[in-house]
Amino acid sequence: CAAMDAAGIPNGKIFSIQDISEEPHFRVRGMLEKVQILPEGKEPWELEIPGVTPRLSKTPGCTRWPGRSRAGEDTRSVLGSVLGKSEREIEALLERGVVHAP
C-alpha cells in the first residue's frame, strides 16, 4: 500500500471472509447476515456470511439461497449437462483430482 500511496494510486485493503467477520465496522453496518444451512439427513444449522454489497437503502438485498451443503454436489451435473463432458471424461477428471464430487 505504501508504494501505491506514494504514487498517488487509490488503494485499500482486500478483506478476507475472516477479516470481514472480525471487523466491527461490518457488523455495526449490518453487513453480515445469517443463513440456514439445510444438509440432507442432518440437523439444520446457521451460518453467518458477508451480506450483499453494495448495501442500498431502498433495495438492500439478501441471500436467498446460500448454496449446496456439500462442496462439489453439482460437479457431475455441470460437467455433463452444461459442459458436455462424457461420464468417462468426468471420471478421469475426478481420478486426477482436477474436480471434486462427493
A 1.4 Å probe over the protein heavy atoms gives the chain a carbon and sulfur accessible-area percentage of 55 percent
Cross-link reach from Lys85 to aspartates and glutamates, straight Cα distance under 19 Å and at least 8 residues apart if same chain, gives Glu73, Asp74, Glu95
Extension length gain for Phe15 and Val82 (0.36 nm per residue less Cα distance), in nm, is 20.9 nm
Checked against the structure, the computed Cα extents along the principal axes in Å among (1) 47, 29, 21; (2) 50, 48, 30; (3) 53, 41, 26 is the one labelled (3)
In degrees rounded to 10, the 0-90 angle between helix 87-96 Cα long axis and the longest Cα principal axis of the chain is 60 degrees
Note: Asp74 to Val98 extended length (0.36 nm per residue) minus current alpha-carbon separation gives 7.2 nm
Restricting to aspartates and glutamates and to Cα separations under 18 Å from Lys34, and discarding same-chain partners fewer than 8 apart, the set is Asp19, Glu22, Glu23, Glu43, Glu46, Glu48
In debye to the nearest 20, the charge dipole size for the chain, taken about the Cα centre with +1 at each Lys and Arg Cβ and -1 at each Asp and Glu Cβ, equals 340 debye
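The values are calculated or read from the model by the stated rules, or taken from the named source; none is laboratory data. Since the model is a prediction, treat every value here as computed from it, not as a measurement. Using ideal geometry, Cβ is built from the backbone for each residue, glycine included, and neighbour counts are taken over all protein chains shown. SASA here: full protein model, heavy atoms, side chains in, ligands and nucleic acids out. Shrake-Rupley method; radii C 1.70, N 1.55, O 1.52, S 1.80 Å.
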